[in-house]
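Visitor: Below you'll find the structure I mean.
The values are calculated or read from the model by the stated rules, or taken from the named source; none is laboratory data. These numbers come from a predicted model, not from an experiment. Neighbour counts are summed over all protein chains in view; Cβ atoms, including those assigned to glycine, are modelled from backbone coordinates with ideal geometry.
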Amino acid sequence: MSRNRVLIVEDEEAIGRLLTMNLKMAGYETVWFQDGQEAVDSFVKDHRFDLALLDVMVPGMDGFAVMEFLKPYGIPVIFLTAKDDINSKVQGLSGGAEDYMVKPFEMLELLLRMEKVLARANKTEDILHVLNMEINTIEHSVKQNGAEVSLKPMEFELLVVLAKNKNRAISRENLLRMVWGTDYMGETRTVDVHIGQLRKKLKLGEQIKTVSKLGYRLEDVEG
Amino acid sequence: MRMKLKTKIIWISCLAVLSASLISDIVIWNICRISLTRETYETVYRQVYEDWLELRQQLDLAQVSRQDEDVVLYYLKEKQNDYVICMKYLGYGHMMVWKEIFNHTCIESTDFVNELGWNMESYGMMVYSGYELEGKRYLVFRTSYQSDYYFYWITDITYLHRRLKQLALRMLAITGVLTVVVSLILYRMITRALKPLQELEVSTQAIAEGDYARRTQVDQQDEIGSLAEHFNQMAEAVEIRTRRIEESEQRKTLFMGNLTHELKTPLTAISGYADTMLMMKLKPSEEEEALSYIQSEADRLERLSRKMMQLLELDQKSEIEMEEHSVRELFAAVEQSCRQILRDKDIRLIINEHGERLRMDLDLMTDVMVNLVDNAVKASANGGEIILRAGTDEQGYTCLQVEDYGSGIPEDERERILEPFYMVDKSRSRQHGGAGLGLALVKLILERHGMQMKIESEVGVGTRISIYNMFTKR
């Protein structure tokens, strides 16, 4: 199973470490540079990346310039920046960036956007491997230890969201929004019922953790 | 009604000239009238009196009695004076009855005599009165002989009145011309005198519309000239003050913009780590790491806000307290404060001063020097040296220098490093705990001391920062 490789160019140590920590947990492989020039230098030797997260204001070479080097390889770019002015947004997006995140941002949002960008670039895996499960997002089927488990459509969607954001607690409200959609008028109780079903059918009583007051988390610590 | 000052002044002065000249006209004309009239009356009187004396003599010689009307008539005819009317008085009791003896004039005598009546004013030996008929003016003297015969001597003095009228007209004409001429002269003088006022008005409007650099050019040695001079001084003061306020405002806006920008990174880190710790199951070592980042980023926020406050306070403070201190004292304080960072990188601080003294706020100036030394330390490699130098310029002002042999500042960044939050090598100085406010603070403190800073630097060779008085010639 191959992981998506992400190039990170971020000069702030705290932010860079935060990104690598979170992305690793979410199942990405990361390469992090604090200097634009260094990133480009090393990129010449190693350009096997599925996505790049670039800070605009970095020493050495700024994010816009770094993006020019990534373009020929078709690596989608998401800019991370503290600049919240329309000009830099336009410059970034019209220059070919896929998305633009303004600091301070939330990790969950970044992860979702990264997923969207990867999906657009056809770089997502159709089959997710989590714990002892094999989740096929095309056939909508789940195999546990090789044996197929039948799930209702919403239970399956919920499992996919938990699997894609494994090791991260997601609130009931967010789950409701992500699985049922923003205009669904249901109650968070619906989430609890479906989680119960997943736990029972897939015997994930231990792995789907209830994080008090926050929500649910599918734990796959090995990753 | 709004009237221009110029128009007002011209109106008032024209009225003044006109009335003054009219009053003098009236006075002069009256004097002329009185003297001319007296002269004319005198001449007429003499003439009449002579004629009358001659006639009376003849009448006396002829021993004229009440009945001798023919004799009187004879003498009058002989005199060939057509301007005499002779009346005989026939006083029947209360009735006044007159008989015309001689009248070659076209005046109807009875009416004439009744009109003049007895109320005539005396003049010399005779009585007289004025008489007007068909637009002509006459002077009538009356004499009587033995209370029976009354002679009315009539002299045409129309010419006197004509002359007086002509005189009045001539004087009025002169007054008119004079008024016009004076008005024109006044107009030109006032226009010239008030021109600077107009210019002042235009300038005032320009300044009111925001053109604070506007001045007036008035070279006049009077009140308006000094008004213009004071106006320029005022405009200068306003301009300086406005510019200072604008600059301060600009600086504050820049600070605030940069501050919010600068706050975003630590905020993202703090909330990101907190979120990670809450949402994810982390290994103990990772949890520790996240916590340490939260702490260091919170520290950074704290440092940032403290420096921000210092900067804003300094910007607001109108005066700083300056006292004369020796540079030795200053350098000693700097060395004390920097001892730890110098020791960490094994850098030698070389102090070079010759007992110079400087008027300063010792604490603020120490801040300046510590900031500069701190930057120098960050730029220097381990085991290097930094020189603190003091000297005196040609005008006798003390100047200071900090020199290092470190990495140097690229030329295109030398101006920008004075902006708040700017860092030449961002990752490096942040790792060293800088917030990028140091040099902005230094610049502000120096400005408040009336000093400025010059940066000489070459990449890879080193940097020399000189601090000198604003009035030092370079």
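Visitor: Give me the residue from segment A:191-223 that is facing chain B (nearest Cβ under 10 Å) and either aliphatic (A, V, I, L, M) or touching a Phe, Trp or Tyr at 6+ places or on another chain (Cβ under 8 Å) (or both) and, out of that set, nearest to A:Gly181 (Cα to Cα).
Guide: Among those residues, the one meeting the criterion is A:Leu214.
Visitor: Let me ask you something else. When only residues in segment A:40-90 that are hydrophobic (A, V, I, L, M, F, W, C), in contact (Cβ under 8 Å) with a residue 60 or more places away in the chain and away from chain B (no Cβ under 14 Å) count, which is nearest to A:Leu118 (Cα to Cα)?
Guide: A:Leu51
Visitor: Out of curiosity, is B:Ile174 at pLDDT 85 or above and either among the hydroxyl-bearing types (Ser, Thr, Tyr) or within 28 Å of B:Ser24 (Cβ to Cβ) (or both)?
Guide: yes
Visitor: Tell me which residues, restricted to segment A:101-136, are closer than 23 Å to A:Phe49 by Cα, in contact with a helix residue (DSSP H, G or I) (Cβ under 7 Å, 6 or more places away or on another chain) and more than 14 Å from chain B (Cβ to nearest Cβ).
Guide: A:Glu115, A:Thr124, A:Leu128, A:Val130
Visitor: Could you please give the count of residues in segment A:1-16 that are within 12 Å of another protein chain (Cβ to nearest Cβ) and either surrounded by fewer than 21 Cβ atoms within 10 Å (Cβ to Cβ) or part of a loop (DSSP other than H, G, I, E, B) (or both)?
Guide: So the count comes out to 4.
Visitor: Another question, then. Among the residues of segment B:66-97, what is the count of those that are surrounded by fewer than 10 Cβ atoms within 10 Å (Cβ to Cβ) and in contact (Cβ under 8 Å) with a residue 60 or more places away in the chain?
Guide: The total comes to 0.
Visitor: Give segment B:139-167 a look and list any residue that's of a type in the set (Phe, Trp, Tyr) and buried (at least 16 other Cβ atoms within 10 Å of the Cβ), or say none.
Guide: Hits for segment B:139-167 are B:Phe141, B:Tyr145, B:Tyr149, B:Tyr150, B:Phe151, B:Tyr152, B:Trp153.
Visitor: Hey, among the residues in segment B:191-201 that are free of Cβ contacts under 8 Å to residues at least 40 places away in the same chain and surrounded by 11 or more Cβ atoms within 10 Å (Cβ to Cβ), which one's nearest to B:Ala235 (Cα to Cα)?
Guide: B:Leu200
Conditions tested, residue by residue: (1) touching a residue at least 60 places away in the same chain (Cβ under 8 Å); (2) within 26 Å of A:Leu7 (Cα to Cα); (3) under 15 Å from the mean Cα position of the chain (by Cα).
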position	(1), (2), (3)
A:Lys123	yes, yes, yes
A:Glu148	no, no, no
A:Ala169	no, yes, yes
A:Val191	no, no, no
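Visitor: Quick one: which strands (runs of 3 or more DSSP E) sit completely within segment A:117-187 and have at least 3 residues that are in contact with a Leu (Cβ under 6 Å, 6 or more places away or on another chain) and either assigned by TED's automatic domain parsing to the domain that holds A:Gly74 or closer than 27 Å to A:Val211 by Cα (or both)?
Guide: It comes to none.
Visitor: Tell me which residues, restricted to segment B:449-463, are over 12 Å from B:Arg414 (Cα atoms) and either free of Cβ contacts under 8 Å to residues at least 40 places away in the same chain or surrounded by fewer than 18 Cβ atoms within 10 Å (Cβ to Cβ) (or both).
Guide: Answer for segment B:449-463, where residues must be over 12 Å from B:Arg414 (Cα atoms) and either free of Cβ contacts under 8 Å to residues at least 40 places away in the same chain or surrounded by fewer than 18 Cβ atoms within 10 Å (Cβ to Cβ) (or both): B:Gly450, B:Met451, B:Gln452, B:Gly460, B:Val461.
Visitor: Moving on to the next point. I'm checking my understanding of the structure. Among residues of segment A:33-69 that are touching a Pro at 6+ places or on another chain (Cβ under 9 Å) and charged (D, E, K, R), which one is surrounded by the fewest Cβ atoms within 10 Å (Cβ to Cβ)?
Guide: Per the criteria, the residue is A:Asp35.
Visitor: For segment B:41-52, which residues satisfy the criterion of being surrounded by fewer than 17 Cβ atoms within 10 Å (Cβ to Cβ) and in contact (Cβ under 8 Å) with a residue 40 or more places away in the chain?
Guide: B:Gln47
Visitor: Looking only at segment B:5-28, count how many residues are over 31 Å from the mean Cα position of the chain (by Cα) and aliphatic (A, V, I, L, M).
Guide: The qualifying residues number 6.
Visitor: Would you be able to tell me the number of residues in segment B:214-232 that are loosely packed, with under 11 Cβ neighbours inside 10 Å and either in contact with an Asp or Glu (Cβ under 7 Å, 6 or more places away or on another chain) or in a helix (DSSP H, G or I) (or both)?
Guide: Adding up the residues that qualify gives 2.
Visitor: Residue check: is A:Glu139 closer than 30 Å to B:Lys283 by Cβ and among the acidic types (Asp, Glu)?
Guide: no
Visitor: I'm checking my understanding of the structure. Among residues of segment B:281-314 that are small (Gly, Ala, Ser), without any contact (Cβ under 8 Å) to a residue 12 or more places away in the chain and more than 10 Å from chain A (Cβ to nearest Cβ), which one is surrounded by the fewest Cβ atoms within 10 Å (Cβ to Cβ)?
Guide: Filtering first and then ranking leaves B:Ser285.
Visitor: Only one of B:Ile445, B:Ile409, B:Ile387 is modelled with pLDDT of 85 or more and of a type in the set (A, V, I, L, M, F, W, C); which?
Guide: B:Ile387
Visitor: Is it the case that some residue within segment B:271-280 is under 22 Å from A:Met57 (Cβ atoms), crowded, with 19+ Cβ neighbours inside 10 Å, of a type in the set (S, T, N, Q) and facing another protein chain (nearest Cβ under 7 Å)?
Guide: no
Visitor: Report the residue count in segment B:233-258 for those that are surrounded by 17 or more Cβ atoms within 10 Å (Cβ to Cβ) and within 14 Å of another protein chain (Cβ to nearest Cβ).
Guide: Residues in segment B:233-258 being surrounded by 17 or more Cβ atoms within 10 Å (Cβ to Cβ) and within 14 Å of another protein chain (Cβ to nearest Cβ): 1 in total.
Visitor: Pick from segment B:98-112 the residues that are within 18 Å of B:Gln146 (Cα to Cα) and at pLDDT 80 or above: which of them is surrounded by the most Cβ atoms within 10 Å (Cβ to Cβ)?
Guide: Filtering first and then ranking leaves B:Phe102.
Visitor: A further question follows. I'm told B:Tyr89 meets every condition in (1) over 26 Å from B:Leu160 (Cβ atoms); (2) modelled with pLDDT of 85 or more except one. Can you identify the failing condition by its number?
Guide: Going through the list (1) over 26 Å from B:Leu160 (Cβ atoms); (2) modelled with pLDDT of 85 or more, B:Tyr89 breaks only (2).
Visitor: Okay, moving on. Before we move on, is B:Glu324 surrounded by fewer than 15 Cβ atoms within 10 Å (Cβ to Cβ), in the same structural domain as B:Leu439 (by TED's automatic domain parsing) and within 30 Å of B:Cys399 (Cβ to Cβ)?
Guide: In short, yes.
Visitor: Another question, then. How many residues are buried (at least 17 other Cβ atoms within 10 Å of the Cβ) and more than 7 Å from every other protein chain (Cβ to nearest Cβ) if we restrict to segment B:260-270?
Guide: 4
Visitor: Here's another thing I want to ask about it. Just give me the residues in segment A:70-92 being of a type in the set (A, V, I, L, M, F, W, C), within 19 Å of A:Thr124 (Cα to Cα) and either surrounded by fewer than 17 Cβ atoms within 10 Å (Cβ to Cβ) or touching a Lys or Arg at 6+ places or on another chain (Cβ under 8 Å) (or both), in sequence order.
Guide: A:Ile78
Visitor: Among the numbered conditions (1) within 11 Å of chain B (Cβ to nearest Cβ); (2) surrounded by 22 or more Cβ atoms within 10 Å (Cβ to Cβ), tell me where A:Lys24 comes up short.
Guide: (2)
Visitor: Here is a further query. Kindly provide the set of residues from segment A:93-115 that are surrounded by fewer than 15 Cβ atoms within 10 Å (Cβ to Cβ) and in a helix (DSSP H, G or I), ordered by number.
Guide: If the condition is that a residue be surrounded by fewer than 15 Cβ atoms within 10 Å (Cβ to Cβ) and in a helix (DSSP H, G or I), then A:Leu93, A:Ser94, A:Glu109 are the ones that fit.
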